[in-house]
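The values are calculated or read from the model by the stated rules, or taken from the named source; none is laboratory data. Model, not experiment: these values are computed from the prediction. No Cβ is skipped: glycine too gets one built from the backbone with ideal geometry, and neighbour counts run over all protein chains shown.
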């Protein structure tokens, strides 16, 4: 909030909504690329990835649950939680999942069929020791 006020003083709600949406898109796309690169992930991101790998629950749902739990913990400890935090908690997982499917995996594997991609994903997971 303070950075936006420094860059654009007296911003209206439209500018704030556009900034939130652009930020969500940039974070989702970059997270997708960094997950798919298979060069290691942070502990926070690994929770959702491992839960999705070890259960039938899709990644987007695991990420939503993880983000919402963190928001609740922040609320319990009196963190400032705004509408942007809530929107990010519920939409970051599905947005990362979208960019995995339409950006990161096609860049990594090329435009191949799902069976080949799934086979390559399984090989990657085995090499990481997830399966």
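Observations, loosely collected:
- In segment 69-99, the residues that are in a helix (DSSP H, G or I) and farther than 17 Å from residue 27 by Cβ: 69, 72, 73, 74, 75, 76
- Count of segment 1-41 residues, restricted to those that are closer than 21 Å to residue 81 by Cβ and outside any helix (DSSP H, G or I), is 2.
- Residues located in segment 3-14, provided they are more than 26 Å from residue 93 (Cβ to Cβ) and touching a helix residue (DSSP H, G or I) at 6+ places or on another chain (Cβ under 9 Å): 8, 11
- Residue satisfying all of: in segment 31-52; at pLDDT 90 or above, in contact with a helix residue (DSSP H, G or I) (Cβ under 6 Å, 6 or more places away or on another chain) and closer than 23 Å to residue 110 by Cα; surrounded by the fewest Cβ atoms within 10 Å (Cβ to Cβ) among these: 33
- Cβ-Cβ under 8 Å pairs, at least 6 apart or on other chains, segment 71-87 side in contact (Cβ under 8 Å) with a residue 12 or more places away in the chain, far side surrounded by 11 or more Cβ atoms within 10 Å (Cβ to Cβ) and part of a loop (DSSP other than H, G, I, E, B): 71/81
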